[in-house]
Amino acid sequence: MGLIRDNGVVYKPVDEVDLGINSDQIYLHADVKGPSSNGWSDCQTIRVVSGDEADRQHFAIFSEEEQSNSEDDNSITLSHSCHSFEEGYTHLVTYGVMEESPLYVPLHAYEDFEEEEVKRLCPNLSPAEQVQHAINCLEPSDTTLQDSYAGFRRWKILDYSRAYASGKITPLMVAEQLISAVEQSCGSGMDMSFFISHDARDILRQATQSTLRYQRGEPISVLDGVPIAVKDEIDCMPYPTTGGSKWLHKVRPCKEDACCVQRLRSCGAILVGKTNMHELGAGTSGINPHYGTSRNPYNPKRISGGSSSGSAAVVCAGLCPAALGVDGGGSVRMPAALCGVVGFKPSFGRIPHSGVLPLNWTVGMVGVLAGTVEDSLIIYAAISGQPEPHQSTVPRLKLPILKHSNMSSIRLAKSDEWFNDCSDDIRACCSKALASLHKLYGWETVEVTIPDIEAMRLAHYVTIGSECTSSIAHHLEKKGRSESGSDVRVALSIYGSFDSREYLNAQRIRTRQMRFHEKIFSMADVIVSPMVGVTAYEIKDDAKDTGELDYVNGAALVRYSIAGNFLGLPAVTVPVGYDRLGLPIGIQFIGKPWSEAKLIQIAYAMEALCEAEYKKPQVFYDLLGKC
């Protein structure tokens with residue numbers, strides 16, 4: 001380990017790196033050797049070894065006896081139970097040598113570019129007005145409630161709106177069905193753990209008000225009376241914002257709606273509660289020892305993914321056509337792919353972030369989970385607002401005209417080794433989806449090389465970890481650490497071990513990757529990849545009480561997520577099929593900064609090719625059909 005100090009990677013200057021298919025850049029597979037931290041007994045203590053600086057990069061699991069024998073030893077010899085935190089981490093990040101300056105916030109300057117079939121909205125429109133513009137972008141549909149269920153199809157926002165307008169179904173009727181379904185899902189026979197908190201009286205109050213508006217012929221928008229769920233990382237009255245923890249809401253009370261929630265409420269949406277999540281967003285499984293594990297509706301024995309686990313699961317199970325999440329490292333898109341729904345993360349700065357827990361300032365963004373691309377567009381239109389105080393401006397909102405017949409030729413950048421670094425079923429399914437796009441639309445695949453993907457993953461980990469611990473450091477020692485799950489205590493210990501050199505080098509890697517991606521986007525419209533490297537895996541019984549920090553599966557789940565967060569790029573995942581066990585598979589499209597309109601058009605085209613094959617989850621609630 002000592003030689004690593006002098007043998008960090010010497011990175012080529014960006015301009016000297018070939019991004020073509022014949023590049024000499026080597027794709028590094030994530031060689032993760034951390035233990036799967038589930039099922040710890042109470043007598044075990046988890047901590048970072050803090051002797052020699054190189055040894056900081058390891059963590060060990062000690063029994064109380066082992067800890068007491070080593071408590072005063074500042075140079076601990078690592079036992080056989082100790083595993084490398086990240087193989088090559090110090091080589092790629094800590095001692096990496098590069099010429100680029102650091103980039104701290106991924107805010108992108110806007111360069112106007114031609115886009116076909118988009119509508120530019122005037123500034124200062126109300127959320128309801130922006131929603132109406134989104135509706136005007138949709139293809140006309142004569143679908144009715146009676147004939148729209150020929151195959152499996154999720155109810156869309158417009159289905160709710162049309163049902164309410166007909167007078168045959170009211171928001172109050174839907175709210176009663178939803179409350180009954182949530183209570184059933186929480187029962188001992190199912191234990192789906194979709195929500196951390198929901199208030200039946202508040203739901204009925206909102207639904208009653210919406211019903212009266214429809215009776216007067218005065219609905220606010222098509223979102224009026226539509227149930228929408230909110231991840232418990234976003235402020236939404238009257239609920240506390242726990243961040244999936246048992247303590248954070250005690251030191252940070254929720255006093256008002258987050259901006260994105262205010263905008264939905266102003267459209268008449270019914271905010272039905274706070275969805276479950278991985279504690280502090282510090283994991284990818286969604287297993288929460290405090291509030292239960294949000295189970296995957298396609299197979300309740302398996303994870304729904306994290307950290308926006310509950311938001312993905314409620315949409316998948318039909319309880320809501322859409323939900324809000326927060327995406328700091330794929331936390332909207334990963335669970336969306338695992339649960340077979342759409343996950344959309346806009347460009348950094350597009351959605352106001354006020355009222356969101358400050359767990360990851362420069363990588364976290366509010367995102368949308370929805371049953372369809374159409375519904376993701378409607379919610380996106382509602383929550384897109386004015387720039388934050390620290391932003392000088394954001395580009396005018398552009399909404400795509402969604403028509404299956406109006407897609408021009410699209411160039412899809414594909415980095416072969418990265419694309420193929422997933423399970424056989426995922427690789428085959430996503431390759432088939434690409435072939436379908438080429439066959440029907442004539443879209444072109446451009447073979448490229450994206451350098452240093454593993455270095456980017458590690459640099460993102462340093463960044464999100466540093467931001468998380470910095471934001472809650474003043475609470476941790478008083479209350480938070482002792483009340484956190486075992487998996488989160490491990491994560492926080494690792495996060496706290498990063499030093500200033502590592503943080504600065506991580507931001508220099510961010511600069512490099514920003515420039516690499518700018519070059520790739522000069523060759524193609526979007527980057528395409530699978531969304532995750534594995535499908536939903538089984539929940540271990542002993543993980544439910546302690547939490548789980550599985551670095552091996554975690555690395556596979558985040559493999560394709562990082563650029564969207566670390567570089568602030570818009571990205572979307574769309575379900576394209578299933579593995580041999582019937583578990584959903586999603587494909588991902590990553591766009592240029594501020595290219596949300598084109599990205600949604602591409603996702604809509606992809607969805608059109610696959611939706612006829614969509615399958616009904618094992619756990620599904622037909623709210624409109626039962627009214």
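No lab work stands behind these numbers, since they all come straight from the coordinates. None of these values were measured; they are calculated from a predicted model. Cβ atoms come from the backbone with ideal geometry, glycine included; neighbour counts cover every protein chain shown.
Converting the Cα gyration tensor eigenvalues of segment 286-332 into ellipsoid dimensions via √(5λ) gives semi-axes, longest first, of 15, 15, 9 Å. Between segment 588-627 and segment 514-531, the alpha-carbon centres lie 22 Å apart. Sorting V490, V315 by the number of Cβ atoms found within 10 Å of their own Cβ, with the fewest placed first, yields V490, V315. The angle between the Cα long axis of helix 157-166 and the longest principal axis of the Cα atoms of the chain comes to about 20 degrees, rounded to the nearest 10. Listed cross-link partners K345/K478; K119/K345; K156/K250 are compared with a 28 Å cut-off, the Cα-Cα value being larger for K345/K478; K156/K250.
D159 sits among other residues whose Cβ lies under 11 Å from its own Cβ, and their net charge, with Lys and Arg +1 and Asp and Glu -1, is +2. Segment 453-483 and segment 154-197 have their alpha-carbon centroids 36 Å apart. Database remark: amide H of G367 closer than 5 angstrom to the amide H of G325, V326, D327 (H placed geometrically; neighbours at sequence offset of 5 or more, or on other chains; Pro and chain starts carry no H). Across q = 0.09, 0.11, 0.17 Å⁻¹, segment 98-226 modelled as identical point scatterers on its alpha-carbon atoms has Debye log10 I(q)/I(0) values of -0.46, -0.64, -1.06, in the order of the q list.
The DSSP beta bridges internal to the chain are antiparallel in roughly 75% of cases.
Distance between the C-alpha centres of segment 215-246 and segment 250-325: 11 Å, rounded to the whole angstrom.
Rounded to 0.05, the FRET efficiency of the S431 and R580 pair, given R0 = 22 Å and the Cβ-Cβ distance, is 0.90. Count the net charge of all other residues whose Cβ sits under 14 Å from the Cβ of I539, scoring Lys and Arg as +1 and Asp and Glu as -1. Charge balance near I539 sits at -3.
Principal-axis analysis of the Cα atoms of the chain puts helix 453-475 at an angle of about 80° to the longest axis. Hydrodynamic estimate: the Kirkwood radius of segment 576-621 over Cα pairs, inserted into Stokes-Einstein at 37 °C and 0.692 mPa s, corresponds to D of 265 µm²/s. Under the combined filter of DSSP loop state and at most 13 neighbouring Cβ atoms within 10 Å, segment 533-627 retains these trypsin sites (Lys or Arg not before Pro): R580, K626. The angle separating the long axis of helix 500-521 from the principal Cα axis of greatest extent in the chain is about 50 degrees. Relative contact order of the chain, taken over Cα pairs closer than 8 Å and 6 or more residues apart, is 21 percent. When each of T241, T393, T469 is scored by the number of other beta-carbon atoms lying within 10 Å, the sequence from fewest to most is T393, T469, T241. All alpha carbon pair distances within segment 152-216 were sorted into 5 Å bins beginning at 0; the resulting P(r) in whole percents reads 4, 16, 22, 21, 19, 12, 6, 1, 0.
Excluding T284 itself, what net charge comes from residues whose Cβ is under 10 Å from its Cβ, given Lys and Arg +1 and Asp and Glu -1?
That works out to -2.
Summarising the amide proton neighbourhood of R302: residues at separation of 5 or more, or on other chains, whose placed amide H is nearer than 5 Å comprise N296, I539. Looking at the calculated P(r) for the chain, what percent of the C-alpha pair distances fall above 47 Å? Tail of the P(r) past 47 Å holds 11 percent of the pairs. If R0 equals 30 Å, the separation of the Cβ atoms of A165 and D202 corresponds to a calculated FRET efficiency of about 0.75.
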